[in-house]
Amino acid sequence: MSRSEALFQAAQQHIPGGVNSPVRAFKGVGGTPLFFKHGEGAYLFDEDDKRYIDYVGSWGPMILGHNAPEVIDAIRAALDHGTGFGAPTAIEIEMADKVCELMPSLEMVRMVNSGTEATMSAIRLARGYTGRDKIVKFEGCYHGHSDSLLVKAGSGALTLGEPNSPGVPASLAEHTITLNFNDIDNVRQAFAEVGDQVACIIVEPVAGNMNCIPPQPGFLEGLRELCDEYGSVLIFDEVMTGFRVALGGAQAHYGIKPDLTTLGKVIGGGLPVGAFGGKREIMEYIAPLGPVYQAGTLSGNPLAMAAGLTMLNAISTPGFHEQLSAKAELLTQGLEAVALSHRVPFTTSQVGGMFGLFFTDQPQVTSFGQATACDAERFGRFFHGMLEEGVYLAPSAFEAGFVSAAHSQQDIEATLAAADRVFSRL
Ligand code: PMP
C-alpha cells in the first residue's frame, strides 16, 4: 500500500470523506487522492516521494510556482512581527492601493478570507444597494458555497453530480435565477420579464468551474448593457481569472467594466485571502460607512497581505502574462496535435494562464450542455495515465487547468511526451 493510500484510510476516520474540500477526493476520476508533502516551482512531491509536473497550482494561486522564494521571504519577514492583531495595519493600505491600481474598475476594496466570502458579501451588497432580492447566475458557474449561489453550481458540486445542495432553503434558492452561460438571448428574455427585480448578475467572465469556457463575443457586453438598462449590479467573479488571464483580469482582457469584482486565489499568494470591490458609490454601502454588514476577525491578516502583495508585485513585471499565456498555448496546442495524431476526439480552450481539456468531437465548447456532454470516463483514464507518467491534472473533467511562471519549456515538452504515450493507450 502506498503512503497516500494509508493516509487516505487514516484521514477518513475523523475527516468527512478524508478531505477538507470535496473535489480533492478524486470522486470524479476514481482512485485514491495523492497526499502531497512538498511543492517546488512547477513540481509537487507526494508522500511516496514521487515528483509530478503540477497543472493545478493549488487551484489557481500558485502563478509563480510552488514555494516562490520572494513570497516565502515576505511571509517570514511579516512573521517576525506577530501573526495578526485584528486592527488596521499599514500593509492593508498598500494592498488596497495595488488592487485598485491593477483593476481600475475597483475604486474601493475590502479584504476577506476566501472566494466564498467575497462572492457572498458582494451579493449581499448588491441586494442592499438596489433594494432587490433576485440574483442572476449561470448554470455550471461556481461562486463558492454560500446558500444563494449553490444553485446549479459548477466545480465540486458538478463533479459530484449535486449542483443543488440540500440545506439551502427553497425560500432562498427561489431568488436565484439560473440562466445559460454564453446565451445572451436567454438573459434578455429573463430581464424582459423580471429585470426590474434583479439586484445583480454574477458571472465568471471566463467560466472555469465547468472546465474552461471563454465568453462568446457579445456575451459580456450584453450583460453590461442589460445591467445598465435595468439598474442591476454587474458582478464579475474574478476569483479564478483575476491577475491570471491578464494582469488586470478578464475585465482588462475583454475591456468590460463591471460594477463589482470578487477576487481570491492569486491575491493571497497561497494564503487564505479573498476580496471584493468596485464602484465607490456601491462600496460605501458597506459597514462601517453604510448599512450593509460584513466583517471578519482575520480579514486583512498581515501574513496573508504580505504573501498576496508580494505576489501581485512579482506578476506586475512587464511581459509576465504574455509569457504565461504563451506557455499555456504551447501546452494546449501541443495536446491537440498529439490527440489528433492518435485520432482521439479532443479539443482545448485557453485564455492567458488558464486552460481546459475536452474529450469531444466538437471543434469548440461554448456551453454548459456541451461541457457536460464530453466523455468524462475517457478523461478519467487520461487523468490516471498522466498521473502515472508524473503529471498532475485537476482530478475532474469540470475544472480549469493552470500554468505558472515556473513551468519551463522542458516541463511542457515532457508533458506532451507523456500525453503522447497516454493518448496511444486511450
Ligand atoms: N468563485 C470562483 C470563480 C471560484 O473558482 C471559486 C473557487 N474555485 C470560488 C469563487 C470560491 O472560492 P473559495 O474556494 O476560496 O471559497
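Read-outs: derived from the displayed coordinates by stated rules, not from any lab. Remember, it's a predicted structure, so these values are computed and weren't measured experimentally. Don't worry about glycine lacking a Cβ; one is built from the backbone with ideal geometry, like all the others, and counts go over all protein chains shown.
Quick notes on this structure:
- Distances between placed amide hydrogens fall under 5 Å for Val233 paired with Cys200, Ile201, all partners being 5 or more residues away or on another chain.
- Each 5 Å bin, from zero up to the one with the longest distance, holds this percent of the alpha carbon pairs of segment 220-296: 4, 15, 21, 22, 19, 14, 5, 1.
- Rg and Dmax over the alpha-carbon atoms of segment 152-291 stand at 15.6, 43 Å.
- Shown here is the pair-distance distribution of segment 346-426: with all Cα-Cα distances grouped in 10 Å bins from zero up to the longest one, the shares run 17, 51, 29, 2 percent.
- Inter-label distance, Ala337 to Arg76: 4.1 nm, where each label sits 7 Å from its Cα along the C-beta direction.
- Dimensionless Rg over Rh [the chain; C-alpha; Kirkwood]: 0.95
- Using a Förster distance of 22 Å, the FRET efficiency for Asp361-Glu40 (Cβ separation, nearest 0.05): 0.05
- Under 14 Å from the Ser21 label point (7 Å along Cα→beta-carbon), backbone N, segment 264-282: 264-275
- Amide H contacts under 5 Å for Ala397, placed H, 5+ residues apart: none
- Between Glu284 and Arg188, the C-beta separation translates, for a Förster distance of 25 Å, into a calculated FRET efficiency of about 0.20.
- The value of relative contact order for the chain, using C-alpha pairs under 8 Å at least six residues apart, is 22 percent.
- Net charge, Gly300 excluded, C-beta distance under 13 Å - Lys, Arg +1, Asp, Glu -1: -2
- In the chain, the calculated helix contribution to ellipticity at 222 nm averages -11500 deg cm²/dmol per residue, counting -39,500 (n - 2.57) for every DSSP H run with n ≥ 4.
- Percentage of interatomic Cα-Cα distances in segment 69-315 larger than 26 Å: 36
- Whole-Hz couplings from phi, Karplus 6.51/-1.76/1.60, listed for segment 19-32; x for Gly and Pro: 9, 9, 7, x, 5, 5, 7, 6, 4, x, 10, x, x, 9
- Taking a sphere under 11 Å around the Cβ of Leu172 and counting the other residues whose Cβ falls inside, with K and R at +1 and D and E at -1, yields a net charge of -3.
- In this structure, the amide hydrogen of Tyr392, modeled 1.01 Å from its nitrogen in the peptide plane, lies closer than 5 angstrom to those of Ile53, Asp54, Tyr55, counting only residues at least 5 positions away or on a different chain.
- Taken one residue at a time, the phi angles of segment 154-164 give Karplus couplings (6.51, -1.76, 1.60, θ = phi - 60°) of x, 6, x, 4, 6, 4, 7, x, 10, x, 10 Hz. Gly and Pro are set to x.
- For the chain, built as a Gaussian network whose Cα springs stay under 10 Å, the top-fluctuating residue of Pro16, Pro69, Pro258: Pro16
- Per residue, the convex hull spanned by the Cα atoms of segment 200-247 amounts to 79 cubic angstrom.
- Among beta bridges that DSSP assigns inside the chain, antiparallel share in %, nearest 5: 60
- Under Karplus coefficients 6.51, -1.76 and 1.60, residue-wise ³J(HN,Hα) of segment 72-87 in Hz, glycine/proline x: 4, 4, 5, 5, 4, 5, 5, 4, 4, 9, x, 9, x, 10, x, 8
- Separation of the alpha carbons by more than 21 angstrom is noted, of Lys98/Lys279; Lys152/Lys327; Lys27/Lys152; Lys98/Lys137, for Lys152/Lys327; Lys98/Lys137.
- Volume in Å³ per residue [convex hull over Cα atoms, computed for segment 297-407]: 153
- Spatial separation of Cα centroids for segment 40-81 and segment 281-339, in angstrom: 16
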